[in-house]
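Quick notes on the structure that follows.
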Amino acid sequence: MIDTSADTPTAATGTVVRTAVPSSASPAGTGRAKPRETRLRALDGLRLVAALMVAGYHYGGRGGEVTRAWGSSPRYQFPTLHTLFAYGSLGVQVFFVISGFVICMSGWGRSLRSFFASRAARLLPAYWAALVLVTAVMALPFLSFKTVTPTETLLNFSMLQLPAGAHRVLGVCWTLWAEVRFYALFALCIVIPGATRRRVIMFCACWTLAVAISGGLDQPLLEVLAMPDYAPFFIGGVGLYLVHRDRTDPYAWGIVGVSWCLAQYAAVRTHWHPWQADQFSYRSAYGIILVVTLAFLAVAAIGLGWLDWANWRWLTVAGALTYPFYLVHEHLGWVVIEGLHRGLGVPSYATFVLTAASMLLLAWLLNRFVERRFTPRLRSVLAKPRE
């Protein structure tokens, strides 16, 4: 039995996911085990691992503006670890698998109004605060990082900058656009008609078919809707939630297996490139497949209860910091890196650790003073019935 009344956020956010498992005691006369609430705190820990993977990629596994922040290519700053940091970009795919699991749990048994209010309230307050903060910092006259125009900045508040063709204030917001499309598909196909096992299986099957078809048709609109590069991860997460509900369900395991096949193919296609002397972000196909496989296995282990022993309370805090950390760590991290490394001469590895720690502290402040205050209020406003 699954308790779907709990408010469960996106993969990047930190609210605890709740489920219910049978207890040994049964109410008199019912003949059924009384459910007790437990927390999938390991899922919160996995969120933070994925966020730190992405931060490692942004700080030490790529070129571009981060090279300007260090003063030279990160390959020289991290001669040993830069190759591993390059795989950190796959942390986004880890997020998508988690998101498929969590959104299926969140949407099961909910009305459209409740589902929309939950999603909007979880995403928007921290996102808006991060937009304001990053815009203000990047506008400082002594910084040399690129900024966007005022009109594009205002458009970013709608989360529609990418489909509108505008520049992004937050480099990571392209992942939120993928999440929003997933939410829309899930709401239309599952939440509105009502979640059932059969309907979720058909949703996964039809979306998987659309992914396979879109690869050979060269139809931009179909690619936007089907998201062939990301959909296998979302679908795989949904399948893993079905496994969480019933580990003996062969259709659920079939969804997971097919999704893994498509996911590793999509990840290799988008993350692999032949070795080139001027590009240090070389990732082997086997390494990419390994990371994708570990992402599926990690969520499967959590869903199957194998990591229920990881029930430490600090994981809840870690999960709560993940979303705001993910939003602010990239651009503001570059500013901290430049100030510490080039301005104060702090060694590379110490700069890396201090930058990540400072972004976690900033994430805690955003969670404490923005998310905790405004998320419940926004949810209440959006969930209130209107005549």
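The values are calculated or read from the model by the stated rules, or taken from the named source; none is laboratory data. If you're wondering where the values come from, they're calculated on a predicted model, not measured in any experiment. FYI the Cβ positions are ideal-geometry reconstructions off the backbone, even for glycines, and counts take in every protein chain you see.
Output the qualifying pairs, or none if there are none: Cβ atoms under 9 angstrom, residues six or more apart or on different chains, first residue in the stretch 172-185 and of a type in the set (K, R) and at pLDDT 95 or above, second residue surrounded by fewer than 19 Cβ atoms within 10 Å (Cβ to Cβ) and outside any helix (DSSP H, G or I).
Taking only residues 6 or more apart or on different chains, not a single pair turns up.
Does the stretch 318-335 contain at least one residue that is without any contact (Cβ under 8 Å) to a residue 60 or more places away in the chain and either under 29 Å from A117 (Cβ atoms) or buried (at least 17 other Cβ atoms within 10 Å of the Cβ) (or both)? Before you say what the answer is, go through the steps one by one.
Step one: list which residues in the stretch 318-335 are without any contact (Cβ under 8 Å) to a residue 60 or more places away in the chain, which gives none.
No, the stretch 318-335 contains no residue that is without any contact (Cβ under 8 Å) to a residue 60 or more places away in the chain and either under 29 Å from A117 (Cβ atoms) or buried (at least 17 other Cβ atoms within 10 Å of the Cβ) (or both).
Count, please, the residues in the stretch 211-228 that happen to be assigned to a helix (DSSP H, G or I), crowded, with 19+ Cβ neighbours inside 10 Å and of a type outside the set (S, T, N, Q).
In the first step, residues of the stretch 211-228 are kept if they are assigned to a helix (DSSP H, G or I); the result is 211-217, 220-226.
Among the residues that remain, those that are also crowded, with 19+ Cβ neighbours inside 10 Å are: 211, 214, 226.
Now narrow it down to the ones that are of a type outside the set (S, T, N, Q): 211, 226.
Qualifying residue count, the stretch 211-228: 2.
Considering only the stretch 93-205, give the helices (runs of 4 or more DSSP H) lying wholly within it that have at least 2 residues that are of a type in the set (S, T, N, Q).
Working: elements: 112-138, 150-156, 161-164, 173-186.
Output list reads 112-138, 150-156.
Considering each residue of the stretch 336-387, count those that are closer than 20 Å to L321 by Cα and among the aliphatic types (A, V, I, L, M), and give that number. Lay out the reasoning, then the answer.
Restricting attention to the stretch 336-387, the residues satisfying the condition of being closer than 20 Å to L321 by Cα are 336, 352-379.
With among the aliphatic types (A, V, I, L, M) added as a condition, the list becomes 336, 353-354, 356-357, 359-363, 365-366, 370, 378.
Count: 14.
Filter the stretch 53-74 for residues that are surrounded by 20 or more Cβ atoms within 10 Å (Cβ to Cβ) and assigned to a helix (DSSP H, G or I) and give the result.
Kept after step one, since they are surrounded by 20 or more Cβ atoms within 10 Å (Cβ to Cβ), are these residues of the stretch 53-74: 53-62, 66, 69-70, 74.
The answer is M53, V54, A55, G56, Y57, H58, Y59, G60, V66, A69, W70, P74.
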